[in-house]
């Protein structure tokens with residue numbers, strides 16, 4: 001098959017909207033891909049405890065593209081300028097070489113058009129993907145349950161009383 005034909009105007013078989021999210025520069029992260037294919041919508045998502053936003057965005061693209069028919073013309077929507085620039089220009093790929101290699105082998109054999117979407121011109125799936133990716137990143141922020149009282153009996157400890165003032 002020919003190398004990626006991102007400017008091909010053939011009919012769209014599938015649309016993949018992706019988003020990657022990370023809490024902090026390097027921390028809890030989540031990704032989501034919303035796939036619309038032949039009137040059906042599928043949502044894929046996942047998370048990682050320690051990661052980066054770029055890594056989560058790449059993973060969303062890989063998982064989204066993997067889930068569609070390789071012969072179907074596809075449009076990949078993303079609000080991440082880095083991802084779309086690096087797909088077009090391989091020299092912009094500075095990190096995550098393992099994910100870039102996997103993504104490159106996938107897109108070489110497919111007919112994919114890449115579109116950057118911004119706030120005024122959003123694709124339907126981008127907002128959904130963004131919300132889900134953020135929810136996935138927040139999964140690890142949930143506090144562990146408080147310790148159960150190990151004393152005999154079922155009475156829980158009463159809260160501390162404020163100290164009395166020594167001045168009268």
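Filtering the range 91-108 to residues that are more than 22 Å from residue 67 (Cα to Cα) and assigned to a helix (DSSP H, G or I) leaves 91, 92. Taken together, 133, 86, 129 contain a single residue that is surrounded by 19 or more Cβ atoms within 10 Å (Cβ to Cβ), out of contact with any strand residue (DSSP E or B) (no Cβ under 8 Å at 6 or more places or on another chain) and modelled with pLDDT of 85 or more, which is 86.
In the range 51-83, the qualifying residues are those that are surrounded by fewer than 17 Cβ atoms within 10 Å (Cβ to Cβ) and in contact with a strand residue (DSSP E or B) (Cβ under 8 Å, 6 or more places away or on another chain), and the one that is farthest from residue 117 (Cα to Cα) is 69. Restricting the range 1-36 to residues that are more than 21 Å from residue 84 (Cβ to Cβ) and surrounded by 16 or more Cβ atoms within 10 Å (Cβ to Cβ) leaves a set whose member that is modelled with the highest pLDDT is 28.
The values are calculated or read from the model by the stated rules, or taken from the named source; none is laboratory data. Quick caveat: nothing in here was measured; it's all calculated off a predicted structure. Cβ coordinates were reconstructed from backbone atoms using ideal geometry, including for glycine residues, and neighbour counts include every protein chain displayed.
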